[in-house]
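Here's the structure, in C-alpha cells; my notes come after.
The values are calculated or read from the model by the stated rules, or taken from the named source; none is laboratory data. For clarity, every value in this text was computed on a predicted model and none was experimentally measured. As a convention, Cβ positions derive from the backbone with ideal geometry for all residues, glycine included, and neighbour counts pool all protein chains shown. Heads up: the accessible areas ignore ligands, DNA and RNA and are worked out on the full protein's heavy atoms, side chains in. Shrake-Rupley method; radii C 1.70, N 1.55, O 1.52, S 1.80 Å.
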There are 2 protein chains.
Amino acid sequence: MKRYVILCEGGFAEHDAKTATGVLRYAPDPVVAVIDSTRAGSTVRDHVPGLDLDVPVVASLDEAMTGEPDTLLIGIAPAGGKLPAPWRATILQAIERGLDVESGLHDFISDDAEFAGAAMRTGAELRDLRRPPAGLDVPSGANLTVDATTVSTVGTDCALGKMTVCLELDLEARRRGLASVFVPTGQTGIAIAGWGIAVDEVVSDYVAGATERLVVEGAERGGPGSLLWIEGQGSINHPLYSGVTLGLLHGAAPHVMLLVHEPGRTHLDMPDGPPVPPLPQLIEDYARIASYVRPARIVGVALKTNQLDEAAARAAAGQVTEETGLPASDPVRWGAGELLDVVLAESGR
Amino acid sequence: MKRYVILCEGGFAEHDAKTATGVLRYAPDPVVAVIDSTRAGSTVRDHVPGLDLDVPVVASLDEAMTGEPDTLLIGIAPAGGKLPAPWRATILQAIERGLDVESGLHDFISDDAEFAGAAMRTGAELRDLRRPPAGLDVPSGANLTVDATTVSTVGTDCALGKMTVCLELDLEARRRGLASVFVPTGQTGIAIAGWGIAVDEVVSDYVAGATERLVVEGAERGGPGSLLWIEGQGSINHPLYSGVTLGLLHGAAPHVMLLVHEPGRTHLDMPDGPPVPPLPQLIEDYARIASYVRPARIVGVALKTNQLDEAAARAAAGQVTEETGLPASDPVRWGAGELLDVVLAESGR
C-alpha cells in the first residue's frame, strides 16, 4: 500500500483533476492530502460531488507531511503540457524528502535531469505511468485463447467515463464473488490499479499487441474464467483518436461490449466537434468492426448523468432504451447491477 | 539526385525485397547496382517480372563502386529484425567510403554506436526512414481545409500493393498534366519519394495528426487543387494493424477511396489469418467509418493480379465488378487510366 499526497495546485475540481478524483474514488491506497493552495482549508467532499471524504486540501507539501505520505501523485495535467514553476518546486521538495513521484504526464519526469539527479541522491523512485514497457510487439493470437470473458467499454466520444464504468462493474462483480479484473489502458487507470499500459503512448504498430498483453495479464491476475473489464479510449467516430480506439478494440477482442454515452452531448467534446452520430448507427458500427476479430455486440448503454437531476436522468435513460432497444443505466448513480446482469447473460454466465 | 547501391544480400526477389524493387521501379534516382552474392552476375530483369532494367546484381560493395554510388539503401528487412553480421560489415564499408546509408528497419541504424561512430569520422549521413519527426500532435482540422482532392487507398489486407496503386495513379495523373502528389506513409514510399512519415512508427495518439501533416505538405508540394494519393496501411479488418489503418484514414480525411484487393486471396496473409470478408461488406464499412470525418465512398477496386495469367486476371476483374458494382482494374497490368477516370469523376473534375 502506498500513502498518497496528490498535487493539484490550482485545479482540484472534478473535471480538471481526473487522475486525482479517480485515485481518491477507486484506488485501494489511502490519500493523506491534496495540495491546492487556492482551495486550502477545505476537504475533498467540498469539491467533488459524490466523493464523501474528509481528506484535507492543503496549501503545501509541508502541511501534507503530517499525514506521512510516501508518494506524490501528479493529479492534474497542466494546460499546454509544461510543468509550471511552482509545481517543479513541489516535486523537487517531495524528491528531497524521499517521496516517490508518480506522473501521468506526456513529458516523462524521469527524463528530467533535475528530477532524476535529485532522485538519485535521495533514493526516491520516479514512476512515469505513461511510459510504455519494453518488448512490445503485434498480437500473437493469445487474446483469442485466454480463459476469460472480455468486456470492452466503447464510447460515443472521449472523456465520458469509460474507465469509471469498468471500475464500477468490476467492483460489483467482485461484490458478487466473481473473479473480476479491471484492465487499465490509460494513466489514471494505471494509477488506480497499479499496473497497465497507456496504449495511446505506444508505437502505433503495437497498440493491439499492447492490449493483448494486458488481456493476458488480466486473465493471470483474475484466474480461470475471470471477467476482464477493458478500459476503452476515444471512439471510432473520433477524428483525433479513432486509431487508438480500434487498435485497442481489436487487441482486446471482446466477447461483449458496453456503449458509454452522455445524454445531451450533441457534439464531440473538441473544438468544432462534429455531431455525435445516432446511437443505433454507432452500435451497429462497433459490432460490425469488432466482429472482424471476434463476433461481439453491444448489450447495454452505460450513461454519464452527473450533470442531470434524478428526473432528467431517468428520462434520459428511458429515451436511450427506446432509441436503441438496450438496457441503459448510470452505474455510478444507480449501481452497476443492471449492466452487470446483461453482460453476464450475454456471456452465458 | 542520389546514386543508389541497394543491399539485398541473400534476398533479391520481388516478394522479399519490397523496398529495393519499389525504388528500382519508381524512384527518380538511379540505382547503380544491387548487392546479393547469391545472385551475382545477373541483372535486375532476371529476377523481377516487369522490371526491364539491366542494373547489375553484384557480390560486394567493392564491385558496386565502379558505378560511383553515393548512397547505400538497405533494400530488405532481415528475418527476425536483427542485422546479419555480413550486412553489418557491408554497411560499415559503405560508411568508411563516405556513402550515406538509408534504412527502413525498425531498429534505427543511427542509434547503433558503431555505425554512428564511423559516420562521425567520415561525414556519411545515416538516414532512418522510419524515424518519426519531432513535434507531432493530434490533427488541428487542417486536413479538412487544404485545397486538394484527397484519395486514400484502403485494402482487404496488408501487403497487396496499396503503395503501388498510389504511385501508378500519380504517374498517370501527371502524364495527363494534372497537379498530383504521391503521399508516402511507409518506409518504401519514403525511400522512393524522399519525404513522408512511417505512420506505424509514430506514437499511436499522433497517427491521425502525422497523416494530417502529410496531407498539408502534399498540398504544398502539389499546389492548389492538386490530387493527393495517400498510401494506405493495413486494413480495418486486420487484427494486427487496424488501429494504424483507421488513424491514417481519419487523418487523411479522403474525398474518395479506392479499394485494393488481390483476387484469390481468401485469408489474410498472416499465421491463422481470418477470412477476407466479402468485398461489399468491406466497401460499406470503409464508407461508414470514413464518413465520421468526411463523407467518402469507394469508387473503384484496384487489383493485384501479378500471380494470374491474362485470361484469369480478366475473369477476376469481371467477377469483382459483378460482386461490387464498381470498376475493377489492375493499374500495373492495364494502366491506371480507368481508375483515374473514376476518381476524377467522383471528385467532380
Quick one: which bits of the stretch A:241-289 get at least 20 Å² less accessible when the partner protein chains are in, versus the chain alone, with a 1.4 Å probe? A:TYR241, A:SER242, A:GLY243, A:VAL244, A:LEU246, A:HIS250, A:GLN281, A:ASP285, A:ARG288, A:ILE289
Which shape class, rounded, prolate or oblate, goes with the stretch B:52-202 when its Cα gyration tensor gives a ≥ b ≥ c as root eigenvalues, a/c under 1.5 marks rounded, and past that a/b bigger than b/c marks prolate? prolate
Between the stretch A:259-280 and the stretch B:157-217, how far is it from one alpha carbon centroid to the other, in angstrom? 31 Å
Per residue, how much accessible area does the protein assembly as shown have with a 1.4 Å probe, in Å²? 38 Å²
Report the GluC sites (Glu not before Pro) located in the stretch A:73-177 that are in a DSSP loop and have at most 16 other Cβ atoms inside 10 Å of their Cβ, or state none. A:GLU125
Most fluctuating of B:PHE12, B:PHE108, B:PHE182 in the GNM of chain B (C-alpha, under 10 Å) is B:PHE108
Against the globular-protein guess of 2.2 N^0.38 Å, express the Cα radius of gyration of the stretch B:234-286 as a ratio, rounded to two decimals. 1.16
Once the dipole of the stretch A:25-167 is set up with Lys and Arg at +1 and Asp and Glu at -1 on Cβ about the Cα centre, which of A:GLY155, A:ILE35, A:GLY50 lies farthest towards its positive end? A:GLY155
Go ahead and estimate [θ] at 222 nm for chain A from helices alone: -39,500 (n - 2.57) per DSSP H run with n ≥ 4, summed, over the residue count, rounded to 500. -10500 deg cm²/dmol
Can you tell me the orientation of helix A:310-324 relative to chain A, as the angle in degrees between its alpha-carbon axis and the longest Cα principal axis, to the nearest 10? 40 degrees
Taking Cα pairs closer than 8 Å and at least 6 residues apart, the relative contact order of chain B in percent is 14 percent
Per-residue accessible area for A:CYS158 at 1.4 Å probe radius, Å² rounded to 10? 30 Å²
What does DSSP give for the protein assembly as shown in terms of the percent of beta bridges that are antiparallel, rounded to the nearest 5? 5 percent
Using a Förster distance of 35 Å, how high is the FRET efficiency between B:ASP137 and A:SER60, based on the Cβ-Cβ distance and rounded to 0.05? 0.55
If you build a Gaussian network model of chain A, linking Cα atoms that sit under 10 Å apart, which residue out of A:SER180, A:SER140, A:SER235 swings the most? A:SER140
Low-density loop trypsin sites (Lys or Arg not before Pro), the stretch A:70-140, at most 12 other Cβ within 10 Å, DSSP non-H/G/I/E/B, are A:LYS82
Where does each of A:THR324, B:THR150 land when they are ordered by accessible area, with a 1.4 Å probe and the largest first? A:THR324, B:THR150
Expressed as a whole percentage, what fraction of the accessible surface of the stretch B:157-314 belongs to carbon and sulfur atoms when a 1.4 Å probe is rolled over the protein heavy atoms? 52 percent
Where does helix A:113-122 land angle-wise versus the long Cα axis of chain A, in degrees 0 to 90, nearest 10? 70 degrees
Considering the dipole of the protein assembly as shown built from charges on the beta carbon (Lys and Arg +1, Asp and Glu -1) around the Cα centre, which of A:LEU308, A:VAL138, A:PHE115 is farthest to its positive end? A:LEU308
Pick from A:GLY234, A:GLY225, A:GLY189: which is most flexible by mean-square fluctuation in a GNM of chain A where alpha carbon atoms under 10 Å apart are linked? A:GLY225
One would report the antiparallel percent of DSSP beta bridges in the stretch A:209-349, rounded to the nearest 5, as 10 percent
Cα gyration tensor shape for the stretch A:247-349, rounded if a/c is under 1.5, else prolate or oblate: oblate
As a test of the definition: with a 1.4 Å probe, what buried accessible area, both sides summed, do you compute for A against B, in Å² to the nearest 100? 2900 Å²
Can you list, shortest first in nanometers, how far A:THR66 lies from the same residue in the other copies, with each label 7 Å from Cα toward Cβ? 8.8
Evaluate peptide A:293-301: per residue, the Cβ atoms of other protein chains within 10 Å of its Cβ; return the mean as an integer. 1
With every protein chain present, what accessible area does B:ASP272 have (1.4 Å probe, heavy atoms only), rounded to the nearest 10 Å²? 150 Å²
Return a whole-number percent for the relative contact order of the stretch A:217-302, with Cα pairs under 8 Å and 6 or more residues apart as the contact set. 28 percent
For the protein assembly as shown, report the convex hull volume of the alpha-carbon atoms normalised per residue, in Å³, without decimals. 169 Å³
A correct Kirkwood calculation over the Cα atoms of the stretch B:28-130 returns a hydrodynamic radius in Å of 14.3 Å
The stretch A:1-96, relative contact order in percent, only Cα pairs under 8 angstrom and at least six apart counted: 35 percent
Sites B:ASP147 and B:HIS267, calculated FRET efficiency, Cβ-Cβ separation with R0 45 Å, nearest 0.05: 0.60
So in chain B, what percent of DSSP beta bridges are antiparallel if you round to the nearest 5? 5 percent
Extending each Cα 7 Å along its Cβ direction at B:GLN93 and A:SER110, get the distance between those two points in nm, one decimal. 4.2 nm
Is the stretch B:1-78 best put as rounded, prolate or oblate by its Cα gyration tensor, with a ≥ b ≥ c the root eigenvalues, rounded for a/c under 1.5, and otherwise prolate when a/b is larger than b/c, oblate when not? rounded
Name the residues of the stretch B:198-236 whose accessible area, probed at 1.4 Å, falls by at least 30 Å² once all protein chains are in place instead of their chain on its own? B:ASP200, B:VAL203, B:SER204, B:ASP205, B:ILE236
Check: chain A dipole with +1 on Lys, Arg Cβ and -1 on Asp, Glu Cβ, in debye: 520 debye
Would you check the accessible area of A:GLU220, probe 1.4 Å, heavy atoms only, in square angstrom rounded to 10? 140 Å²
For chain A, what is the Kirkwood hydrodynamic radius in Å, using each pair of distinct C-alpha atoms? 20.8 Å
Using only the alpha-carbon atoms, how far is helix A:337-346 inclined from the longest principal axis of chain A? Give it as 0 to 90 degrees, nearest 10. 50 degrees
Leaving out ligands, DNA and RNA, and with a 1.4 Å probe, what % of the accessible surface on the stretch A:6-116 is carbon or sulfur? 51 percent
